[in-house]
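Since the structure comes first, as structure tokens, the remarks are kept for the end.
The values are calculated or read from the model by the stated rules, or taken from the named source; none is laboratory data. Computed from a prediction, not measured in an experiment: that's the story for all the values here. Note that we place each Cβ from the backbone using ideal geometry, even for glycine, and neighbour counts take in every protein chain shown.
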Amino acid sequence: MKPKRTLFVGPFAPPYNGDGVKNIYLRDGFTRAGFKDIVWFDTITRRGLTLVNYLKLIWQMIGAHQIIFSLNRNGRLYLIPIFWLLSYFCRKRAVLYVIGGSFDIQLTDYMSSFKRKLFVAILNKLDGIFAESIALKKGLEGVGLRNVELVYNPRHDDGSRWALNKSSRNRCVFVSRVTDTKGILILIEAIKAINSEGKDLSLDIYGPMDKDCEEEIKDAEKASGGKIIYKGVIEPMAVQSVLAAYHFLALPTYHPGEGLPGILVESGLAGIPIIITRFNALPEYFKHEKSALFVSPHSVEELKYAILRLIEDDSLAQTLSEGIMKVTIPFKVEEVINRSLELLKKYNWEL
């Protein structure tokens, strides 16, 4: 018997944001696991008209028997209802990897009661909805979804490991989208305050930069005397090795859609200590002084104090390194793919 045709739908990097990077790892993981005959459809229009790419996608969905969606907010709102309509004409199966950690909030706060009930009914036609966190799973179940499973955000372990030495000491790294809500401006203020007191701390900034931050980042670079540098975007497969060369990573995020940032998983694979905010689902994964140092969102003073603690206490840094490596074991690509395949087999998919 000819195997069922499987279609994977989602954005792929570049750009190197959470959506595209997650889907690269899923694609590589499924391929290495031997899941064959998948058509990989990139929802980002690389050339030509967006409408043409959209029509090509619908044509691919018509011909597919099994569809894996890995989508952010806009993709979910438009493509899942199209799948539901197509499934009335011929039998189709589908699952959804939820990108981001606030899908439940989007359903409750940004939809009317009628639209939410309708969309929840459509989502319940899927075989499974894969949430990245326990908090998101509970939130989605709370709005009436019956088919939610916990499937973590995957990352590849390249073997690079953190070590505190002369070359890494007092070097802070920020890796994320460079925008206000990710906490970069708060981090810059904390670094400036520490250095004004006679410390010698550097900050390297990586990630795609939003236009509304460009001027402030450039001003901070110029005023820092070489202590603050924007270094562009890291290729996904190089992130872990880059992280391993720093003293610690700081991500004081208060981004509204924050789930578990992939960079924190990669930090755990490398074993680099992290300083993060007590925000959204982050306390679900990490424990204060065991696998991370927590600070309050928007607080320059708390962030400054946490940084000083970390650079002055090597035993604390080592404790955090060992703790975060344990936290991220379930996030390795192989673990996530095995979990996904188990669920697809439970749904009687042909793999």
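Screening the candidates 35, 12 for the property of being closer than 14 Å to residue 99 by Cα and either modelled with pLDDT under 90 or touching a strand residue (DSSP E or B) at 6+ places or on another chain (Cβ under 6 Å) (or both) yields one hit, 12. Scanning segment 269-290 for residues that are assigned to a loop (DSSP other than H, G, I, E, B), modelled with pLDDT of 95 or more and out of contact with any strand residue (DSSP E or B) (no Cβ under 6 Å at 6 or more places or on another chain) turns up 271, 287, 289, 290.
Condition test on residue 266, is it among the charged types (D, E, K, R), surrounded by fewer than 22 Cβ atoms within 10 Å (Cβ to Cβ), modelled with pLDDT under 95 and within 20 Å of the chain's Cα centre (by Cα)? Spelling it out, it is not the case that residue 266 is among the charged types (D, E, K, R), surrounded by fewer than 22 Cβ atoms within 10 Å (Cβ to Cβ), modelled with pLDDT under 95 and within 20 Å of the chain's Cα centre (by Cα).
Among the residues of segment 127-177, those that are aliphatic (A, V, I, L, M) and over 27 Å from residue 320 (Cβ atoms) comprise 129, 140, 143, 145, 148. Tallying residues that are under 27 Å from residue 166 (Cβ atoms) and either in a helix (DSSP H, G or I) or in contact with a Ser or Thr (Cβ under 6 Å, 6 or more places away or on another chain) (or both) within segment 227-236 yields 1.
For segment 291-328, which positions are among the aliphatic types (A, V, I, L, M), at pLDDT 95 or above, over 17 Å from residue 190 (Cβ atoms) and in contact with a helix residue (DSSP H, G or I) (Cβ under 7 Å, 6 or more places away or on another chain)?
Within segment 291-328, 316, 317, 324, 325 meet the criteria.
The set of residues in segment 1-57 being among the aliphatic types (A, V, I, L, M), part of a loop (DSSP other than H, G, I, E, B) and surrounded by fewer than 17 Cβ atoms within 10 Å (Cβ to Cβ) consists of 1, 33, 44, 49. Apart from one condition, residue 349 fits all of (1) surrounded by fewer than 16 Cβ atoms within 10 Å (Cβ to Cβ); (2) not in a helix (DSSP H, G or I); the exception is (1). Flag: residue 282 does not match the condition of being of a type in the set (A, V, I, L, M) and touching a residue at least 40 places away in the same chain (Cβ under 8 Å). For segment 92-146, the set of residues classified as among the charged types (D, E, K, R), crowded, with 17+ Cβ neighbours inside 10 Å and in a helix (DSSP H, G or I) consists of 104, 116, 137, listed by residue number. Quick check on segment 196-226: of everything there that is assigned to a loop (DSSP other than H, G, I, E, B) and surrounded by 19 or more Cβ atoms within 10 Å (Cβ to Cβ), which residue is modelled with the lowest pLDDT? Filtering segment 196-226 for residues that are assigned to a loop (DSSP other than H, G, I, E, B) and surrounded by 19 or more Cβ atoms within 10 Å (Cβ to Cβ), the one modelled with the lowest pLDDT comes out as 207. Take the residues of segment 159-183 that are part of a helix (DSSP H, G or I) and touching a residue at least 40 places away in the same chain (Cβ under 8 Å): which is farthest from residue 231 (Cα to Cα)? Filtering first and then ranking leaves 181.
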